[in-house]
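Student: Structure below; questions to follow.
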Amino acid sequence: MADQSVDVPKSFDVIVIGAGPGGYVAAIRASQLGLKVAIVEREHLGGICLNWGCIPTKALLRSAEVFQLMHRAKEFGLGATGISFDLPAVVARSRGVAKQLSGGIGHLMKKNKVTVFMGAATLPAKGRVAVKTDKGTETLTAKSIIVATGARARELSGLEADGDLVWSYKHALVATRMPKKLLVIGSGAIGIEFASFFNTLGAETTVVEVMDRILPVEDAEISAFAKKSFVKQGMNILEKAAVKKLDRKSGVGVTAHFEQGGKVTTQDFDTVISAVGIVGNVEGLGLEALGVKIDRTHVVTDEYCRTGVEGLYAIGDIAGAPWLAHKASHEGAMVAELIAGGHPHPIKPNSIAGCTYCHPQIASVGLSEEKAKAAGYAIKVGRFPFIGNGKAIALGEAEGMIKTVFDANTGELLGAHMIGAEVTELIQGYVIGRTLETTEEDLMNTVFPHPTLSEMMHESVLDAYGRALHI
């Protein structure tokens, strides 16, 4: 068969390296703006988020949520007997969801006339991208290049994943067996989501966190609420603790050595999931040779994602925190508009929401109470519990709270923090409020529909000013 690559144009206005949620959105937006665009992807269209992260984990967690609700059938006047799960079928559904969406990205590339190159990219010189494909190496040129190569799981010495006894998030997503006694190292979003999933399905689950509390990026009050809920569900939580060593016995299990409070103890597990953060995919691209600054595996950029090298941008996880798909997508669109001659607003990290899809869900935006105080603000804080909301009680989801933090002097919404049913959907209301520079008066004068969970958002604002109606 003749090599058809000779028919593909090699000169573009924009080349995007990486087709995750940052890269493919950048490519689409650049094409919409009339630019000739190529995208290079070495593995999967849609990147980690769509294939091995955000989407398939939510599919798994949905199965766990339905399983948990089935066990509560009697509360709702329903009957369910012989409740069970089929782990291979749960995993197969998750993979099917990811596959469906990955195929959709390919369709979007065609629809938007983005030329796709499947292969590994390097930057041999300014304005040039070499793509190693199964047909050889192709050289592409463009005035503007966007690096969106994402990140991968961090591995600590001695705690490396082997796919047998010690799993990474990828291994956990395609679990071939159900853990009986599970250790999760790290209590960020990834660790807590997998702990929640396997614990709900019946694994005896322990979570170990080196910081002084689980979910350390969240407001301390929310972290404490989450810990209480997880312990109630049967999880064992170890804080201010570190896993110093894992003794692996193939086919048997793992002995974990914990250091906590100056003491070393051991426990046996049949499965370990390592979720100790991420590192940027900066190696092998040739970035340093071009003069790009890299700090702790992440590319240093300005607020417009410019690297300091003319025509070279970095977006998404490779450009640093917050490591969130929606941040990457928004940066991709912003950079495309900048390249096309527009004047987009830069991203404001404090107005990007973080969501954790455990049970109960957790969501937040802006400053926590502690950080607001540390920044020197005089603050007003409001809280409202799910138990005071009619819709929450009707849903059988009365566990949770919404917390709001305001600047006492100006009424600016500094932060919002939630735990409970569907808070990952509710948080966007406060995100819009921060984007529009909403004050407490605006939120108080907004009419929230009844009966909805969103009414708690209103009540939390009212509570910050001593005006709550239903507590």
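The values are calculated or read from the model by the stated rules, or taken from the named source; none is laboratory data. These figures come from a predicted structure and were not determined experimentally. For neighbour counting, all protein chains shown are included, and Cβ atoms are generated from backbone atoms with ideal geometry for every residue, glycine included. Calculation scope for accessible area: heavy atoms of the full protein, side chains included, ligands and nucleic acids excluded. Shrake-Rupley method; radii C 1.70, N 1.55, O 1.52, S 1.80 Å.
Student: What's the total number of residues in the range 173-205 that are without any contact (Cβ under 8 Å) to a residue 60 or more places away in the chain, in a loop (DSSP other than H, G, I, E, B) and in contact with a helix residue (DSSP H, G or I) (Cβ under 6 Å, 6 or more places away or on another chain)?
Tutor: 0
Student: Are any residues in the range 28-69 under 26 Å from residue 342 (Cα atoms), open to solvent by 20 Å² or more (accessible area, probe 1.4 Å) and assigned to a helix (DSSP H, G or I), and if so, which ones?
Tutor: Result: 28, 29, 31, 32.
Student: Also, quick follow-up: If residue 113 satisfies all but one of (1) part of a loop (DSSP other than H, G, I, E, B); (2) surrounded by 15 or more Cβ atoms within 10 Å (Cβ to Cβ), what's the number of the condition it fails?
Tutor: (2)
Student: Out of the residues in the range 260-273 that are assigned to a strand (DSSP E or B) and over 19 Å from residue 155 (Cβ atoms), state the one that is least open to solvent (accessible area, probe 1.4 Å). Working first, answer last.
Tutor: Keep residues of the range 260-273 that are assigned to a strand (DSSP E or B), which gives 260, 263-269, 271-273.
Retained after the next criterion (residues that are over 19 Å from residue 155 (Cβ atoms)): 260, 263-268.
Numbers: 260: 77, 263: 144, 264: 95, 265: 76, 266: 81, 267: 55, 268: 89 Å².
Of everything passing the filter in the range 260-273, 267 is least open to solvent (accessible area, probe 1.4 Å).
Student: Report yes if some residue within the range 204-211 is touching a strand residue (DSSP E or B) at 6+ places or on another chain (Cβ under 9 Å), surrounded by fewer than 16 Cβ atoms within 10 Å (Cβ to Cβ) and hydrophobic (A, V, I, L, M, F, W, C); otherwise report no. Explain how you work it out, then say what you get.
Tutor: Going residue by residue through the range 204-211, those that are touching a strand residue (DSSP E or B) at 6+ places or on another chain (Cβ under 9 Å) are 204-211.
From what's left, surrounded by fewer than 16 Cβ atoms within 10 Å (Cβ to Cβ): 211.
Those still in the list that are hydrophobic (A, V, I, L, M, F, W, C) too: 211.
Yes, the range 204-211 contains a residue that is touching a strand residue (DSSP E or B) at 6+ places or on another chain (Cβ under 9 Å), surrounded by fewer than 16 Cβ atoms within 10 Å (Cβ to Cβ) and hydrophobic (A, V, I, L, M, F, W, C).
Student: Then there is this: Could you say whether any residue in the range 377-394 is closer than 17 Å to residue 222 by Cα, open to solvent by 10 Å² or more (accessible area, probe 1.4 Å) and part of a helix (DSSP H, G or I)?
Tutor: For the range 377-394, residues closer than 17 Å to residue 222 by Cα, open to solvent by 10 Å² or more (accessible area, probe 1.4 Å) and part of a helix (DSSP H, G or I): present.
Student: Only one of these conditions is not met by residue 163: (1) part of a helix (DSSP H, G or I); (2) on the phi > 0 side of the Ramachandran plot. Which number is it?
Tutor: Among (1) part of a helix (DSSP H, G or I); (2) on the phi > 0 side of the Ramachandran plot, residue 163 violates only (1).
Student: Starting from the range 71-83, keep only residues that are under 16 Å from residue 396 (Cβ atoms) and among the hydroxyl-bearing types (Ser, Thr, Tyr), then list their pairs with residues that are at pLDDT 95 or above and not in a loop (DSSP other than H, G, I, E, B) whose Cβ atoms are within a distance under 7 Å, requiring at least 6 positions of separation or different chains.
Tutor: Note: no pairs meet the criteria.
Student: Can you tell which of 256, 336, 328 is open to solvent by less than 30 Å² (accessible area, probe 1.4 Å), in contact with an Asp or Glu (Cβ under 7 Å, 6 or more places away or on another chain) and at pLDDT 95 or above? Let's see the steps before the verdict.
Tutor: Numbers: 256 fails: in contact with an Asp or Glu (Cβ under 7 Å, 6 or more places away or on another chain); 336 fails: in contact with an Asp or Glu (Cβ under 7 Å, 6 or more places away or on another chain).
After applying the criteria, what remains is 328.
Student: Now for a different question. Residues to consider are 45, 50; find the one that is among the aliphatic types (A, V, I, L, M) and out of contact with any strand residue (DSSP E or B) (no Cβ under 8 Å at 6 or more places or on another chain). Spell out how you get there, then give the answer.
Tutor: Numbers: 45 fails: out of contact with any strand residue (DSSP E or B) (no Cβ under 8 Å at 6 or more places or on another chain).
Being among the aliphatic types (A, V, I, L, M) and out of contact with any strand residue (DSSP E or B) (no Cβ under 8 Å at 6 or more places or on another chain) holds for just one of 45, 50, which is 50.
Student: Considering 392, 372, which residue is without any contact (Cβ under 8 Å) to a residue 60 or more places away in the chain and closer than 25 Å to residue 467 by Cα?
Tutor: On the way: 392 fails: without any contact (Cβ under 8 Å) to a residue 60 or more places away in the chain.
Answer to the check: 372.
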